[in-house]
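Notes to accompany the following structure.
The numbers here are math on the coordinates, done by the rules we state, and not lab data. A quick note: this is a predicted structure, and the numbers were derived from the prediction, not measured. Here Cβ is always computed from backbone atoms with ideal geometry, including for glycine, and neighbour counts include all displayed protein chains.
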């Protein structure tokens, strides 16, 4: 398993250099102010002007910080090196060193949480987000900051966070409907 993880890392880390600008963008897009503004406008539009996407946007806003928190906990309690910390011969590191451990990729987790929620709530409209989540995970490997198993663990954290948020939301909605029906029955019975 360790050998396969390392071989996959080496293969992706050595993909052609012309991919570097795209992979860097996928890894660092949320560091750019213009991109943050674009995402904020998208979320506002989904919540304020698109009733059919409102629930998905709100759930994604809840799920991604949970996914991020899960990865932070894993990094704190099960610290694992990032590839550049292992001093691998021939590694190509394309991003600066991060102050945290690499146990689970928070970038991958956050995008997987959003992708899960959007796919769960919006069906096929979530597929582009799943593709983006996959590409972000690959970019973390390509840029030399995560091993493949750390990206997969990040994706799993994101999926779990998305699942917890969507199922909890569904449960709350069911209970509220049940209470409203019970109250309506009580009014009719009197």
*Under a point spin-label approximation (7 Å from Cα along Cα-to-Cβ), what is the residue 52-residue 135 distance to one decimal in nm?*
2.4 nm
*Quote the relative contact order of the stretch 73-185 in percent (integer), defining contacts as alpha-carbon pairs under 8 Å separated by 6+ residues.*
31 percent
*How far apart, in nm, are two points set 7 Å out from the Cα along the Cα-to-Cβ line at residue 14 and at residue 44?*
4.8 nm
*asked:* Pick from 162, 69, 17 the residue whose mean-square fluctuation is largest in a GNM of the chain, springs joining Cα atoms under 10 Å.
replied: 17
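Send over the semi-axes of the stretch 1-97's equivalent ellipsoid, whole angstrom and largest first, taken as the square roots of 5 times the C-alpha gyration tensor eigenvalues.
Working: eigenvalues 223, 72, 30 Å².
Ellipsoid half-lengths, sorted descending, are 33, 19, 12 Å.
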_Gained length - residue 2 relative to residue 97, 0.36 nm times residue gap less alpha-carbon distance_ = 31.9 nm
_Using the Cα atoms of the chain, I'd like the radius of gyration and the largest Cα-Cα distance, Dmax, both in angstrom._
19.9, 80
